[in-house]
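Data first, discussion second: the structure below is written as structure tokens.
The values are calculated or read from the model by the stated rules, or taken from the named source; none is laboratory data. Nothing here was measured: the structure is a model prediction, and the numbers come from that model. Cβ sites come from the backbone with ideal geometry, for glycine too, and all protein chains shown count toward neighbours.
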Amino acid sequence: MTGFLDNVLTGLALGAVYALVALGFVTIFKASGVLNFAHGSLLLLGGYLTAILHDDLGFAGALAVAVLVTAAVAGAMDRLLLQRGEQDPRTAHVQTIVTIGVDIVLVTDLARRIGGDLLSLGDPWGDAVTSLGPLTVADSRLAAIAVSALAIAAAFALFRFTPWGLSLRAAAEDAEAAALMGVRLTRIRTVAWCLAGGLAALAAVFLAAFPAPGLERTTGQIALKAFPAAILGGMASPAGALAGSLLIGLTEALVAGYQTELHVLGEGFGDVAPYAVMVLVLLVRPTGLFAAKGATRV
Amino acid sequence: MNVTHHRHRIPKAALAAALSALLIAGTGCSSKADGDGAGDSADGVKGGPGVTEKSIRLGALTDLTGPYATLGKSIVQAQQMWADETNAQGGICDRKIEIVVKDHGYDVQKAVTAYADISPDVVALPQVIGSPVVAALLDDIERDEVLTFPQAWAASLLGKDPVQVLGTTYDIDMIAAVDYLTRAKGLKKGDTIGHVYFEGDYGANALEGSKWAAQRAGLKVAGQEIKATDTDLSAQVSALRKAGVKAVLISAGPAQTASLVGVAASRGLRVPVVSSAPGYAPQLMKTPAAAALEAMLNVVSAAPAVSSDLPGVKRMVAAYQKKYPGSPVDSGVLSGYNAAQLLGADLKKACEKGSLAREDVVKAHRSQKNADTGLGTPQDFTDVSRPASVSTYVLKPDGKAVGGLVGVEDAHSAPGVEEYLSSNG
């Protein structure tokens, strides 16, 4: 039983980190209809900045700079590369492809800089753990749970209660009508991209912190695990992103924890498991767990 | 809004992208004329590709921009240092040594192109990084008879005449690891050991060794397969703890070793952990797991620690630090320099026999029964289906030592290795 609870706790903590990434996917998708394949490299950029700056600025200072710079890069990417030409939601597919190109450029350069190093982000938690009875969990993961919960709540409040959130939802519902009502689509979009960029930088800290040994050139790839999370959450709601991420985190931890028992399913089942869960969920609810209402109304 | 009439745009864009990708790929595959023809030179030594009157050209397919960039740089610099030293003493066979270095960034496709580019014009390849790269090039290497020292140690690479795995293979390392655990760490019949391993050749070969040795010692193995992107091994540690392991073997990369040991220590699973050589890098001593690594980890390796007292190693480390101040001296430096020296010995022998043609270099190599560079244990290259050495050192991490490792046990062959090799035929 302890083993099971241990796996559940590990999974929830992992899911909390994925949630920060998935929330970025969702925010961008909601605002622009683009699936941001460059999210992993934005995450790597944020992590890299924190890693190289923390000696001079301290952890908090470095993280603040990293969040701001990554947000600016994400915003600039949207403004300079993606929003060129007509404001047409139908070009979202093309823009999605463009993000793949941006990802390759960013990753190549960052990988060259990081090389084979394992960079420490100088986070304050170190390898400390907290014991809850027979269970132990890394402090960095407890922090990740707290930060994700805060970030999700803030995003929810932002979408729901601010003029920007209202405009965003209006634009997501019907961009043309929203524009006619005076919603400035360009600005709404760019703010959303900045927000997602900042979240990616924040997520990098938790992906590189203790149970992991530090920031590697491949850390950005881990962001792709949040893809099924965002998709099975419905791509459009922060709550969905959270639920999806927790589900994926749990799946991953349980599959790894019971690898021996699951051996009948073949080698490498762990890689497939998150996607298997995604497909199963989508079979039952084709639009995801928390799909946008518009998608289900006829 | 009418969406349908715009739909045709997307396939067009995709088609354009696919076409341009094809074009780019097409231009990348440049073919090159075959190298200078064979034939006797003025000094009566038969030549071949990569050999001229004045020079012997070697090739390196390395990773300077990918995941093994640190390792690649170390090997390139160490082998260049060997070439410079050799040339300062007049070269080999009165010819200067040149090394052509190609970076493939751990991308198999780029490596294949790079091989096609340099292979017509080199005698041998003292460095090829990456198991998948070697696997993709095996047929070409065998056809071209280019003597190749891969920086990969899977037993599946044995049995090919021109391909020489230096030192021990992963399975032999793990047999030595299990032997060390039972001998020095008090593991007894009936105990369970965990084995965390990468998917693919590396892990599969290591697991073969650990399973065989465990069965022989009456131990059980709880395997945990992981992949290179897994850097948080919390769930694996939970599973190992549940299985009640008394020790853990790991055949993965440095990041995975750091996570495994760090997480295990923080959760009170303070058991000995033994890693294969590629699972450790001196950079780990700067991670939060450093203290736990020093307390719990051992590394089995065919090469001695860089901080070893062997005179050959000391001389090489001093020369390297002088030539490349600021570059870390890791195990790659040692293995790269060792490979270059062994190749130098092969070339000398081939020269004495009167031919530097590729196939004769391979023949000269296969006639070396006791190749000793003074950088570790002697190697026997005569049996193509056997690892060149079965002796391993046991090392442990030490943040203060050069290369981050110090010796624990000197090289020796683990009991049962011969039995294992003959049972594998």
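Listing for the model above:
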{"quantity": "Cross-chain or 6+ apart pairs with Cβ under 6 Å, the range A:252-263 first and under 16 Å from A:P228 (Cβ atoms), then surrounded by fewer than 21 Cβ atoms within 10 Å (Cβ to Cβ) and not hydroxyl-bearing (S, T, Y)", "calculated": "A:V255/A:A273"}
{"quantity": "Per-region count, the range B:67-82, residues buried (at least 21 other Cβ atoms within 10 Å of the Cβ), away from every other protein chain (no Cβ under 14 Å) and in contact with a strand residue (DSSP E or B) (Cβ under 9 Å, 6 or more places away or on another chain)", "calculated": "2"}
{"quantity": "Test result for B:S385, surrounded by 21 or more Cβ atoms within 10 Å (Cβ to Cβ) and in contact (Cβ under 8 Å) with a residue 60 or more places away in the chain", "calculated": "no"}
{"quantity": "Selection within the range B:155-181 - surrounded by 22 or more Cβ atoms within 10 Å (Cβ to Cβ) and among the small types (G, A, S)", "calculated": "B:A155, B:G167, B:A176, B:A177"}
{"quantity": "Condition met for B:L395 (under 23 Å from B:R183 (Cα atoms) and touching a strand residue (DSSP E or B) at 6+ places or on another chain (Cβ under 6 Å))", "calculated": "yes"}
{"quantity": "Test: residue in the range A:108-117 that is in a helix (DSSP H, G or I) and farther than 23 Å from A:Q221 by Cβ", "calculated": "no"}
{"quantity": "Helices (runs of 4 or more DSSP H) wholly inside the range A:132-218 containing at least 3 residues that are in contact (Cβ under 8 Å) with a residue 40 or more places away in the chain", "calculated": "A:139-161, A:163-173, A:185-208"}
{"quantity": "Count of residues meeting criterion [of a type outside the set (V, I, T) and buried (at least 17 other Cβ atoms within 10 Å of the Cβ)] in the range A:60-88", "calculated": "10"}
{"quantity": "Test: residue in the range A:35-42 that is more than 19 Å from A:L246 (Cα to Cα) and either without any contact (Cβ under 8 Å) to a residue 12 or more places away in the chain or surrounded by fewer than 24 Cβ atoms within 10 Å (Cβ to Cβ) (or both)", "calculated": "yes"}
{"quantity": "Any chance B:G344 is outside the structural domain of B:S119 (by TED's automatic domain parsing) and not in a strand (DSSP E or B)", "calculated": "no"}
{"quantity": "Some residue of the range B:23-40 being away from every other protein chain (no Cβ under 14 Å) and at pLDDT 60 or above", "calculated": "yes"}
{"quantity": "Scope the range B:175-198; condition farther than 17 Å from B:S275 by Cβ and within 23 Å of the chain's Cα centre (by Cα); matching residues", "calculated": "none"}
{"quantity": "Qualifying positions in the range A:247-278 - modelled with pLDDT of 90 or more, surrounded by fewer than 22 Cβ atoms within 10 Å (Cβ to Cβ) and more than 14 Å from every other protein chain (Cβ to nearest Cβ)", "calculated": "none"}
{"quantity": "Test: A:L118 is over 20 Å from the mean Cα position of the chain (by Cα) and buried (at least 20 other Cβ atoms within 10 Å of the Cβ)", "calculated": "yes"}
{"quantity": "Qualifying positions in the range B:352-381 - at pLDDT 95 or above and β-branched (V, I, T)", "calculated": "B:V361, B:V362"}
{"quantity": "Leading residue by the ranking (farthest from A:V191 (Cα to Cα)) among those in the range A:80-130 that are acidic (D, E) and within 10 Å of chain B (Cβ to nearest Cβ)", "calculated": "A:D127"}
{"quantity": "Residue tally, condition aromatic (F, W, Y), part of a helix (DSSP H, G or I) and farther than 21 Å from A:L118 by Cβ, over the range A:1-49", "calculated": "4"}
{"quantity": "Residues being closer than 30 Å to B:L269 by Cβ and either modelled with pLDDT of 95 or more or surrounded by fewer than 23 Cβ atoms within 10 Å (Cβ to Cβ) (or both) - total across the range B:306-320", "calculated": "1"}
{"quantity": "Selected residue [assigned to a helix (DSSP H, G or I) and either touching a residue at least 40 places away in the same chain (Cβ under 8 Å) or touching a strand residue (DSSP E or B) at 6+ places or on another chain (Cβ under 7 Å) (or both)] from A:D127, A:D78", "calculated": "A:D78"}
{"quantity": "Of all residues in the range A:88-113 being out of contact with any Gly (no Cβ under 9 Å at 6 or more places or on another chain) and among the hydrophobic types (A, V, I, L, M, F, W, C), the one that is modelled with the lowest pLDDT", "calculated": "A:V94"}
{"quantity": "Candidates B:D410, B:D380 - the one that is assigned by TED's automatic domain parsing to the domain that holds B:G326, closer than 22 Å to B:A176 by Cβ and surrounded by fewer than 18 Cβ atoms within 10 Å (Cβ to Cβ)", "calculated": "B:D380"}
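Here's the yes/no breakdown for (1) modelled with pLDDT under 95; (2) not in a loop (DSSP other than H, G, I, E, B):
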| position | (1), (2) |
| --- | --- |
| B:T65 | yes, no |
| B:Q79 | no, yes |
| B:K96 | no, yes |
| B:I99 | no, yes |
| B:G105 | yes, no |
| B:V112 | no, yes |
| B:P126 | no, yes |
| B:V134 | yes, yes |
| B:T148 | no, yes |
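Listed here are the residues, each with its yes/no results for (1) at the interface with chain A (Cβ under 7 Å from one of its Cβ atoms); (2) closer than 17 Å to A:A209 by Cβ; (3) crowded, with 24+ Cβ neighbours inside 10 Å; (4) touching a Phe, Trp or Tyr at 6+ places or on another chain (Cβ under 9 Å).
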{"site": "B:G200", "(1), (2), (3), (4)": "no, no, no, no"}
{"site": "B:S210", "(1), (2), (3), (4)": "no, no, yes, yes"}
{"site": "B:L219", "(1), (2), (3), (4)": "no, no, no, no"}
{"site": "B:G223", "(1), (2), (3), (4)": "no, no, no, yes"}
{"site": "B:I226", "(1), (2), (3), (4)": "no, no, yes, yes"}
{"site": "B:G244", "(1), (2), (3), (4)": "no, no, no, no"}
{"site": "B:Q256", "(1), (2), (3), (4)": "no, yes, yes, yes"}
{"site": "B:L260", "(1), (2), (3), (4)": "no, yes, yes, no"}
{"site": "B:R267", "(1), (2), (3), (4)": "yes, yes, no, no"}
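Here's the yes/no breakdown for (1) crowded, with 22+ Cβ neighbours inside 10 Å; (2) farther than 17 Å from B:D173 by Cα; (3) among the aliphatic types (A, V, I, L, M); (4) in contact (Cβ under 8 Å) with a residue 60 or more places away in the chain:
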| position | (1), (2), (3), (4) |
| --- | --- |
| B:K322 | no, yes, no, no |
| B:S327 | no, yes, no, yes |
| B:S331 | yes, no, no, yes |
| B:N338 | yes, yes, no, yes |
| B:G344 | no, yes, no, yes |
| B:S391 | no, no, no, yes |
| B:G399 | no, yes, no, yes |
